[in-house]
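K.L.:
Below: one structure in structure tokens.
The values are calculated or read from the model by the stated rules, or taken from the named source; none is laboratory data. A quick note: this is a predicted structure, and the numbers were derived from the prediction, not measured. Using ideal geometry, Cβ is built from the backbone for each residue, glycine included, and neighbour counts are taken over all protein chains shown.
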Amino acid sequence: MSKFKIQLKKTDFKEGELVKTEVGDKSIVLGMIKDRIYAMDSVCSHQGGPLEEGWLEDYDLTCPWHQGVFDIRTAKASPKTNWVTDLNSYSVVVDEKNGEIFVEID
Ligand code: FES
């Protein structure tokens with residue numbers, strides 16, 4: 001397990017907004033919900049849609065291409081759109097003193 005510091009700080013996030021970043025060799029999307037930040041793969045498992053261009057409603061992240069839905073907490077496909085397959089989610093650690101954000105990748 002490796003811990004990567006990302007370029008963004010917690011103050012760069014707005015509730016419900018999605019942000020893409022590279023972590024190691026992975027492309028991930030981060031979103032803040034109820035003051036907590038979640039991270040998962042940014043490339044949709046259906047046909048590669050850019051999930052950072054999708055939208056969040058509660059914990060549901062919807063892909064902009066064909067509206068496949070993932071739970072941003074777990075990256076699992078929603079039963080509502082079970083024709084997409086699960087992606088990977090990543091642990092996010094926020095240093096509350098300085099707002100720095102670390103993402104843990106296996
Ligand atoms: S590419 Fe995401 S739902 Fe089709």
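K.L.:
Could you please let me know if Ser91 is more than 11 Å from the ligand (Cβ to nearest atom) and either among the β-branched types (Val, Ile, Thr) or at pLDDT 95 or above (or both)?
P.N.:
Yes: the conditions hold for Ser91.
K.L.:
Moving to a separate point now. For region 36-44, indicate whether the set of residues that are surrounded by fewer than 20 Cβ atoms within 10 Å (Cβ to Cβ) and within 12 Å of the ligand (Cβ to nearest atom) is non-empty.
P.N.:
Taking every residue of region 36-44 in turn, at least one turns out to be surrounded by fewer than 20 Cβ atoms within 10 Å (Cβ to Cβ) and within 12 Å of the ligand (Cβ to nearest atom).
K.L.:
Further question on the same structure: Select from region 57-89 the residues that are among the β-branched types (Val, Ile, Thr) and part of a loop (DSSP other than H, G, I, E, B) and write down the one among them that is surrounded by the fewest Cβ atoms within 10 Å (Cβ to Cβ).
P.N.:
Of everything passing the filter in region 57-89, Thr85 is surrounded by the fewest Cβ atoms within 10 Å (Cβ to Cβ).
K.L.:
Just the residues that are in contact with a Cys (Cβ under 9 Å, 6 or more places away or on another chain) and part of a strand (DSSP E or B), please, taken from region 34-56.
P.N.:
Residue satisfying the conditions is Pro50 alone.
K.L.:
Does region 20-75 hold any residues that are under 23 Å from Lys3 (Cβ atoms) and of a type in the set (Val, Ile, Thr), and which are they?
P.N.:
Passing the criteria: Thr21, Val23, Ile28, Val29, Ile33, Ile37, Val43, Ile72, Thr74.
K.L.:
Can you pull out every residue in region 20-31 that is within 15 Å of Glu100 (Cβ to Cβ) and crowded, with 19+ Cβ neighbours inside 10 Å?
P.N.:
Val23, Leu30
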